[in-house]
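This report concerns only the one structure given below.
Laboratory data are not the source of any read-out in this text; all were calculated from the coordinates shown. Keep in mind the model is a prediction, meaning the values are calculated, not measured. Cβ coordinates were reconstructed from backbone atoms using ideal geometry, including for glycine residues, and neighbour counts include every protein chain displayed.
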Amino acid sequence: MNFKNLFSEGKIGNLTLKNRIVMPAMGTSIASSTGEASEDIIRYYEERAKGGCGLIITEITRIDNETGVGTPNQLCVTDEYQIPSLQKLTRIIHKYDTKIFTQLHHPGRQAHSSFMPAGEIVAPSPIASKAIGEVPRELTKDEIKIMIKKFIKGAKISQISGFDGVELHGAHGYLLCQFLSPETNKRTDEYGGNFENRMRMISEIIVGIKTVCGKNFPISVRIDGDEFTEGGIKIDEAVKIATALENLGVDAINVSSGTYETSGTIIEPISFKEGWKENLSSEIKKSVKIPVIACNNIKKPEAAEKILENGSADFIALGRAQLADPQWAYKALNGGNIRPCISCLKCIEQIMSGVRIECAVNPRAAMENYYPLPEKTGNGRTVVIIGGGPAGMQASITLAERNFRPVLFEKTERLGGSVYLGSKPPLKEKLMWFIESLEKDMEKLGVEIHLNSCPTTDEIKKLNPYSVFVATGAKSVIPDIPGAKSENVFTATEILEKNPDISGKKIVVVGSGMTGLETAEFLNEKGNEVTVIEMQPKIGPGAYMPNLIDVVLRLRKSGVNLIPCKKLISVSEKSVETEDTVSKIKEFIPADYVVLSLGVKSDNSLLKDLKENFKDIKIIGDSEKPGRIIDAVKTAYDKSYVL
């Protein structure tokens with residue numbers, strides 16, 4: 001497909017961009033501890049510039065060291081000593097005809113006081129974020145004036161360092177958004193109250209930047225088209241904000257949505273469709289003449305092109321898409337196989353946990369400085385891979401790229417393993433995108449694949465392998481209780497794999513991890529009455545909260561019963577016996593069928609024999625340790641990388 005709109009030139013102020021692809025700000029926590037541009041962050045951004053991105057907007061970049069800490073190892077524009085490293089960053093990005101903006105940021109009340117050298121968080125008004133739970137201190141007017149100067153200083157440092165422009169982060173419930181929003185700004189002075197007063201802080205920043213940096217230094221402002229909170233910014237208010245910003249001389253509006261309290265609308269879980277909030281950028285674009293950048297959960301170039309074709313935006317922000325595949329732009333232009341973001345939220349989970357960013361499907365993400373493209377030293381030597389799940393597939397791809405001859409055996413009729421099964425529940429089709437992408441890479445690289453095949457030791461010996469990779473995955477845990485092996489008992493894996501013809505029945509799912517909950521939704525959609533029991537005090541123990549909320553809200557809406565503190569005691573033909581873990585009261589719950597989702601354990605049934613017959617054995621994925629997609633992909637990549 002010819003993406004003529006996506007790859008046409010565009011302008012922001014006096015700046016010409018080679019295409020309409022923008023990498024929006026995403027926290028990485030890979031700058032230096034002093035806020036300088038580290039080699040890690042330079043290589044990270046270089047990889048995306050090299051991949052063809054038109055404009056890169058840096059991660060949230062700190063302008064205040066006392067109350068403005070967003071993440072550990074955060075890029076900063078607070079002090080002049082940071083300029084030399086930033087100069088290096090901008091020069092390297094410009095090699096590829098890519099432009100780069102700094103995003104100037106202050107978290108306001110959406111931070112923890114323990115992270116702040118000042119020991120406190122600040123905001124326009126002393127109103128706690130429900131997501132944080134700390135009441136911020138209200139900024140004085142003098143402090144607001146000082147903060148304005150810090151934003152302006154950050155812009156000047158950016159300009160001196162060679163950045164092509166700056167973006168003010170006025171979205172996602174951060175400080176500038178808190179001043180703009182009627183929900184969080186209850187001040188009675190000139191910085192609060194009516195619309196004009198709520199606009200005052202950001203207006204003074206913009207005027208200051210224009211004065212200090214000149215009118216030809218572009219300014220983008222990221223705003224919420226909808227905060228999705230009660231009393232917060234809605235689209236009508238967002239249009240007013242955008243219009244006022246245009247009148248102030250802003251050069252572009254970057255339209256996003258949500259706050260930490262509605263974080264699923266900022267960084268969407270897997271259930272959200274591409275382009276689901278196109279109306280937000282569309283309404284704002286109707287009201288302004290300056291360019292509009294749309295953040296819209298876009299993964300595929302077809303979806304990006306459609307938004308441009310519809311006239312809903314001038315530029316497309318592709319954040320996680322370019323985290324997953326830094327060559328997204330190049331591949332979209334030249335017809336390559338894009339490795340898709342699967343919206344698993346691992347990237348933001350890392351950042352919110354205070355550690356460096358990672359990507360479940362891209363093992364090199366933010367590690368480019370330590371993982372240059374692997375050397376082609378395989379010399380055609382054969383490597384046998386047993387197991388065709390994500391670990392085995394990734395291993396075969398990396399080995400083939402290194403010029404080994406991978407031969408993969410998969411005991412079932414198709415590739416994908418647990419990820420393929422995970423794509424079966426409702427709204428999980430992005431997992432299938434991932435498997436299909438791996439399959440395309442394997443086909444292009446000529447990987448030899450044997451389906452419905454579990455090789456014997458003699459068959460492997462005939463191949464004379466240089467190494468054998470064990471990727472046999474994991475098997476379901478079956479509890480040692482009465483009735484656990486009855487005919488009316490299935491594992492979650494069996495339900496998703498065999499899809500038995502069950503409808504209109506009472507089903508109890510035991511275990512409320514994400515697999516159990518998604519299997520419950522799968523069964524509920526088939527017309528069954530589903531109850532989920534969980535031994536722990538809360539549903540979804542260990543699950544990342546935004547993912548958990550996403551599925552739990554749907555389950556409750558559809559009538560699925562979720563019961564914590566229930567231990568499974570036994571299974572009979574028409575019920576399960578449970579024990580309340582608090583009161584110790586036993587209860588029978590009606591059940592025609594029971595589905596066990598109690599975790600998995602590594603399947604190493606072949607390992608002993610393989611170790612006795614072959615010198616070099618690599619254990620990867622769930623075979624090494626049961627985990628998530630990222631664990632399978634990382635272990636496979638790492639062990640293939642150094643073979």
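Each 10 Å bin from zero holds the following percent of Cα-Cα pairs in the chain: 3, 15, 23, 23, 18, 12, 4, 1, 0.
Hey, fewest Cβ within 10 Å first, where do His112, His172 land in order?
Least to most surrounded, the residues fall as His112, His172.
In straight Cα distance, which aspartates and glutamates are under 16 Å from Lys601, not counting same-chain residues fewer than 8 positions off? The qualifying aspartates and glutamates are Asp480, Glu494, Asp622, Glu624, Asp631.
Within a straight-line Cα-Cα reach of under 18 Å, Lys331 can be paired with the following aspartates and glutamates, leaving aside sequence neighbours fewer than 8 residues apart in one chain: Glu9, Glu46, Glu47, Asp97, Glu302, Glu305, Glu401, Glu436, Glu439, Asp441, Glu443.
All distinct Cα pairs of the range 1-134 go into the 1/r average, and the inverse of that average, the Kirkwood radius, is 16.2 Å.
Taking the centroid of alpha carbons for each part, the range 532-565 and the range 454-530 are 20 Å apart.
I need to check one value: relative contact order of the range 10-352, counting alpha carbon pairs closer than 8 Å and at least 6 residues apart, in percent.
17 percent
Note on the chain: helix-only mean residue ellipticity at 222 nm, from DSSP H runs of 4+ residues weighted -39500 (n - 2.57) and normalised by residue number, equals -9500 deg cm²/dmol.
Counting every C-alpha pair in the range 10-352, the share spaced more than 35 angstrom apart comes to 13%.
Size descriptors for the range 404-460: radius of gyration and Dmax over Cα atoms are 13.1, 43 Å.
Among the chymotrypsin sites (Phe, Trp or Tyr not before Pro) found in the range 178-254, not one is both in a DSSP coil and sparsely packed, with 16 or fewer other Cβ atoms within 10 Å of its Cβ.
Exposure proxy ranking for Thr456, Thr61, Thr578, based on other Cβ atoms within 10 angstrom of each Cβ and starting from the fewest, stands as Thr456, Thr578, Thr61.
Counting alpha carbon pairs within less than 8 Å and at least 6 residues apart, what relative contact order, in whole percent, applies to the chain?
11 percent
Sites listed here are GluC sites (Glu not before Pro) in the range 542-584 whose DSSP assignment is loop and whose Cβ has at most 11 other Cβ atoms within 10 Å: Glu573. When each of Trp328, Trp276, Trp433 is scored by the number of other beta-carbon atoms lying within 10 Å, the sequence from fewest to most is Trp276, Trp433, Trp328. Counting lysine pairs in the range 1-159 whose alpha carbons fall under 16 angstrom apart, excluding pairs fewer than 8 residues apart on the same chain, gives 12. Among the GluC sites (Glu not before Pro) in the range 3-47, those placed in a DSSP loop whose Cβ has at most 15 other Cβ atoms within 10 Å are Glu9. What you get for the chain, charging only the Cβ of Lys and Arg (+1) and of Asp and Glu (-1), is a dipole of about 900 debye around the Cα centre.
In straight Cα distance, which lysines are under 23 Å from Lys428, not counting same-chain residues fewer than 8 positions off? Counting by Cα, and skipping residues close in sequence, Lys428 has these lysines nearby: Lys273, Lys277, Lys299, Lys300, Lys306, Lys346, Lys440, Lys475, Lys498, Lys526, Lys557, Lys634.
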